[in-house]
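One structure, as structure tokens, below. Some questions next.
Only the coordinates and a few stated rules stand behind these numbers; no lab work does. Keep in mind that this is a model prediction, so the values were computed, not measured. When we count neighbours, we look across all protein chains shown, and the Cβ atoms used for this are built from the backbone with ideal geometry, even at glycine.
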Amino acid sequence: AVTVGVLALQGDVREHLAALAAQGATAVPVRRPEELAAVDGLVLPGGESTTIAKLAVRFGLMEPLRAAVRAGLPVYGSCAGMVLLADRLVGAPEGQETIGGLDVTVRRNAFGRQVDSFESTVRLGADTVPAVFIRAPWVESAGPAVEVLGRVVGGVGDGRIVAVRQGHLLATSFHPELTGDRRVHTLFVDMVEQAVRSAPARRSGAVAG
Ligand code: GLN
């Protein structure tokens, strides 16, 4: 099985660990650079992106995270994780740091402050899936290398981009770890498996001999 980490500084870590394990991955929390170096893929969970970024800097993880993204590590960011993967932010505090890598402009708390948490429907490729949004961002604009995977259908934010992929990077505004729908985690574990197949030396086991 592939080993998929969940950045475990703050946020809904346990739900992602469970969703990844249900896909047959070995799911492990990541808090230290050595732990990051040992995974085949990484999930950035929902939570508070400002807090996660500050903790990542304090724990000496910010630069290793950026290096891992540059090196091609598959990373999936959900909600706050989408904010963390964005190259550009709007509606964020001045100077909020991100890991970056995804050529998108992301608007924080995009659905409005009054809309704290709600369920909606997202069109994901040919499928329509239920989605949970919690003070969620959306993708305001995306560069040419970014594939739009999902948009809100109806209601608040109708038509807004809420799922994207750019090569080894995947991001959703919503929280698939909180619904029974495993499509996003299935896709991400597939991405990790494919990356391991095409570059097996990346794997910690292979490197350690
Ligand atoms: N509003 C949060 C942020 O920008 C994200 C909320 C969430 O992850 N549920 O960090």
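Using a basic spin-label model with each label point 7 Å from the Cα along Cα→Cβ, how many nm lie between THR186 and ALA71?
3.1 nm
Could I ask something else about it? In deg cm²/dmol, rounded to 500, what helix-only [θ] at 222 nm does the chain give when every DSSP H run of at least 4 residues adds -39500 (n - 2.57) and the total is split over its residues? Please report the intermediate quantities before stating the final value.
Details: 7 runs with 61 residues, N = 209.
Helix-only estimate at 222 nm: -8000 deg cm²/dmol.
Pop the C-beta distance of ALA126 and ALA1 into the FRET formula with R0 = 22 Å and round what comes out to the nearest 0.05.
For R0 = 22 Å, the calculated efficiency reads 0.20.
Under the Karplus relation 6.51 cos²θ - 1.76 cosθ + 1.60, θ = phi - 60°, what is the ordered set of whole-Hz ³J(HN,Hα) values for the range 116-128, x standing for Gly and Pro?
Along the range 116-128, the couplings run 5, 8, 7, 9, 8, 10, 10, 8, 10, x, 8, 9, 10 Hz.
Check VAL28: other-chain or 5+ apart residues with amide H under 5 Å from its amide H, H built from backbone geometry?
When sequence neighbours closer than 5 places are left aside, the close amide H contacts are VAL4, GLY5, VAL6.
Could you run the Karplus curve 6.51 cos²θ - 1.76 cosθ + 1.60 with θ = phi - 60° over the range 104-110 and give me ³J(HN,Hα) per residue in whole Hz, x for Gly and Pro?
Working through the residues one at a time gives 9, 9, 10, 9, 6, 6, 5 Hz.
Mind ranking 165-175, 94-104, 56-66 by how tightly packed they are, going by the mean number of other C-beta atoms within 10 angstrom, highest first? It would help to have the intermediate numbers written out before the result.
Working: 165-175: 24.3, 94-104: 19.0, 56-66: 16.6.
The densest-packed peptide leads the list: 165-175, 94-104, 56-66.
Related question: Once the cut-off is 22 Å, how many percent of the Cα-Cα pairs in the chain end up in the long-distance tail?
Summing the P(r) tail past 22 Å for the chain gives 43 percent.
Quick one: compute the contact order of the chain, relative version, from alpha carbon pairs under 8 angstrom and 6+ residues apart, as a percent.
Contact order relative to length: 19 percent.
Residue by residue, what Karplus-based ³J(HN,Hα) values in Hz, rounded to whole numbers, does the range 16-29 have, using 6.51, -1.76 and 1.60 with θ = phi - 60° and x for Gly and Pro?
So the J values, rounded to whole Hz, are 5, 4, 5, 5, 5, 4, 5, 8, x, 7, 7, 9, 9, x.
For PHE59 and GLU147, FRET efficiency with R0 = 41 Å and r from the beta-carbon atoms, rounded to 0.05?
Working: r = 32 Å, r/R0 = 0.77.
For GLU147 and PHE59, the calculated efficiency is 0.85.
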